[in-house]
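Below is one structure; the comments refer to it alone.
Every number in this text was worked out from the coordinates using simple rules, so none of it is lab data. Treat the numbers as computed from the prediction; the structure is a model and nothing was measured. Here Cβ is always computed from backbone atoms with ideal geometry, including for glycine, and neighbour counts include all displayed protein chains.
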Amino acid sequence: MMWYFLMSDSFTFGAFLISYGSIRFSQNYWPSPSYVFNTFPGAGETNLPLAFVSLMTFILIMSSVTMVLAVHEGHHGNRNGVVKWMAWTIVGGLCFLSCQAWEWTHLITSEHIVLTDKNTLDVIGQTMSGNPWGPAVDPTTITQALAATPVEGLAKIVHAHDHSHTVQQLAGMSRDQLMGMINMNELHVTEKGPIAFGGYFFGITGFHGFHVFSGVVINTIMLIMAKTGVFDRKGHYLMIEKAGLYWHFVDLVWVFVFLCFYLI
Amino acid sequence: MEHANAATEVTIHHEPAESTKRIWKVFWILLVITMVELGLGLSLYALDLPEGLRMHLIKGVIIILSLAKAYYIVSVFMHLGDEIRNMIMTIVVPLMLFIWFILAFIYDGNSYKNLRNKYDRYYQERGVQQNQLKKETKPTKFGGKD
């Protein structure tokens, strides 16, 4: 039965991903992933495209391997072996979730300067309602837009480059003061990108992350059951095998999420 | 009762002697495929190819490699390859629907784009402009500052 559940689940994921593909094909412009996902924890603003997501992928593949090893030990009825490899699988799952938490936080709280529809500048992050990954804006437009930007906007732009003052403090300064603090050469301004990107990205990776989370919960329960000898009394480790199927499915889905959002 | 229930769900008893060698072999295969995919993904970035045949070719190779990865995970890690043939077919045949889904919905998305470009001049001009700007934006050096 597990297989039929997984099949239905793959239709859910498939529907999400295909709907994403359909919307993406209906747009004239779509940001390329190497520009969007190019940061690594602790590396600041250094341009490292796809590095962090490679680490996440590696963690998930690795935890899939430890899961097969746990199932393998289960076939031999080796309780300690099962407990050991299940524990590593859970560690892998938690690492993956932590990575995702960092990635989401980074995308949402990041400060990107964008050109608004009113031809002024604003600072936004990657959220459900805003996408800063449009094409770059040329210097003449930036200068014009800067002149039209209200003081609150200028305060946010200064804050995006330099966190030594709060936005409130900056907003209290005069227009000339703020303009003096903006370095035109460092100013990187983009247009807004397609809004649908945020909804699909957070929706699909969130749904996958939720699967990882429930997998970790299931694996933890299996670990406790194995540790207390429940499977030894039953005489078989079939439950471990089913938890394993679910866990591999989560890995399998990631192969396609990785493909659709990060690679192409 | 529990035992009887469990037994009915076992379609095949795996050989307990199966060695972990196969598992590690598949792990290395998956790792290498992922590295190649990343290499191709980064080459898309480094070459900054225009929309065209070469770009679609690279993306096509990445998709095929991902399908190979999916095959290894399902057949070895999930042991589907060791099940009886009819069981495999009940799982795989319904998934064939995806081929149709993908073709139909992507065609639909594409046709929506074409219709909009045809009847909404502003939308079309904006798209041309954006893609022009995209081409002019050269990628930052790998490891350089953003």
Please go through the range A:59-79 and pick out each residue that is facing chain B (nearest Cβ under 9 Å) and surrounded by 17 or more Cβ atoms within 10 Å (Cβ to Cβ). A:Ile61, A:Met62, A:Ser64, A:Val65, A:Met67, A:Val68, A:Leu69, A:Val71, A:His72, A:His75
If a residue has to be surrounded by fewer than 22 Cβ atoms within 10 Å (Cβ to Cβ) and under 17 Å from A:Phe210 (Cβ atoms) to count, how many in the range A:91-101 make the cut? 7
Determine whether the range A:83-99 contains at least one residue that is in a helix (DSSP H, G or I) and over 23 Å from A:Ala226 (Cβ atoms). yes
Would you mind finding the one in B:Leu133, B:Leu30, B:Leu42 that is in a helix (DSSP H, G or I), surrounded by 12 or more Cβ atoms within 10 Å (Cβ to Cβ), in contact with a strand residue (DSSP E or B) (Cβ under 7 Å, 6 or more places away or on another chain) and at the interface with chain A (Cβ under 7 Å from one of its Cβ atoms)? B:Leu133
Go through the range A:44-90 and count every residue that is closer than 16 Å to A:Asn219 by Cβ, free of Cβ contacts under 8 Å to residues at least 24 places away in the same chain and within 27 Å of the chain's Cα centre (by Cα). 2
Within the range A:221-263, which residues are assigned to a helix (DSSP H, G or I) and of a type in the set (Val, Ile, Thr)? A:Ile221, A:Ile224, A:Val230, A:Ile240, A:Val250, A:Val253, A:Val255, A:Val257
Would you tally the residues in the range B:45-65 being farther than 17 Å from A:Leu50 by Cβ and either touching a Ser or Thr at 6+ places or on another chain (Cβ under 9 Å) or in a helix (DSSP H, G or I) (or both)? 6
Every listed condition ((1) crowded, with 18+ Cβ neighbours inside 10 Å; (2) more than 30 Å from A:Lys227 (Cβ to Cβ)) holds for A:Ser19 save (1)
Please tell me if A:Gly153 is touching a residue at least 12 places away in the same chain (Cβ under 8 Å) and outside any helix (DSSP H, G or I). no
Taking the range B:66-98 on its own, how many of its residues are part of a helix (DSSP H, G or I), buried (at least 18 other Cβ atoms within 10 Å of the Cβ) and more than 7 Å from chain A (Cβ to nearest Cβ)? 3
Exclusive hit being at the interface with chain A (Cβ under 8 Å from one of its Cβ atoms), farther than 30 Å from A:Leu238 by Cβ, surrounded by fewer than 16 Cβ atoms within 10 Å (Cβ to Cβ) and not hydrophobic (A, V, I, L, M, F, W, C), set B:Asn110, B:Asn114: B:Asn110
Meets criteria (out of contact with any His (no Cβ under 6 Å at 6 or more places or on another chain), in contact (Cβ under 8 Å) with a residue 40 or more places away in the chain and not in a loop (DSSP other than H, G, I, E, B)) for A:Met7: no
